[in-house]
Amino acid sequence: MRRLALALREAVERSHFDVPDFRVRNKIFAAFPDGDRAVVVKTDPANADALVSWDGIAFWNEWRGRWLGVRLDRVSLPVLRDLLSDAWRLVAPKKLTAVLRESGPTAPPNKRLKLAARVD
């Protein structure tokens, strides 16, 4: 998980309240609230609702749908990679995300994630 998060452009690891987190330009996009067993990622409420409905054991709603809890032993690597990328895009400055869009075509974050989740 750490390797995936830190591979994102300008991502750094820090912590708050003794919880390791990952940030881009000092904005948190993921955190380890429960050691290395789970991660909480920034998301939008529609995506959180869809994933919790799809698998309520692997995913749970944090902070009214603004964050998504993910049990790491219940998700595949591609789904985790998409969750982290989407979380990063939600908090990264628009200029930084524009650089990534210019480097290659990708599906919109939520659409790509939902497709990956259905495959697993």
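Here, each number is a calculation from the coordinates, and none is a lab measurement. Owing to the predicted nature of the structure, the values given are computational and were not obtained by experimental measurement. Glycine gets a Cβ as well: all are built from the backbone with ideal geometry, and neighbour counts include every protein chain shown.
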(request) Output ³J(HN,Hα) for the range 30-46: one whole-Hz value per residue in order, computed from phi by the Karplus curve 6.51 cos²θ - 1.76 cosθ + 1.60 with θ = phi - 60°, and x for Gly and Pro. (result) 7, 8, 9, x, 10, x, 9, 8, 8, 10, 10, 10, 5, 7, 9, x, 5
(request) Quick one: which residues, 5+ away or cross-chain, put their amide H under 5 Å from the amide H of residue 29? H built at 1.01 Å from N. (result) 22, 23, 24
(request) Enumerate the amide H contacts of residue 61 below 5 Å, restricted to partners 5 or more residues apart or on another chain; note that Pro and chain-start residues carry no placed amide H. (result) 69
(request) Based on the mean of other Cβ atoms within 10 Å per residue, sort peptides 39-45, 62-68 so the most packed one is first. (result) 39-45, 62-68
(request) Return the sequence-ordered ³J(HN,Hα) values of the range 73-80 in whole Hz as given by the Karplus equation 6.51 cos²θ - 1.76 cosθ + 1.60 applied to θ = phi - 60°, using x for Gly and Pro. (result) 7, 10, 10, 7, 4, x, 5, 4
(request) For the range 18-25, take each phi angle, set θ = phi - 60°, evaluate the Karplus expression 6.51 cos²θ - 1.76 cosθ + 1.60, and give the result in whole Hz per residue in order, putting x for glycine and proline. (result) 6, 10, x, 9, 10, 9, 10, 6
(request) Go ahead and run the numbers for FRET between residue 73 and residue 95, Cβ-Cβ distance against an R0 of 25 Å, rounding to 0.05. (result) 0.10
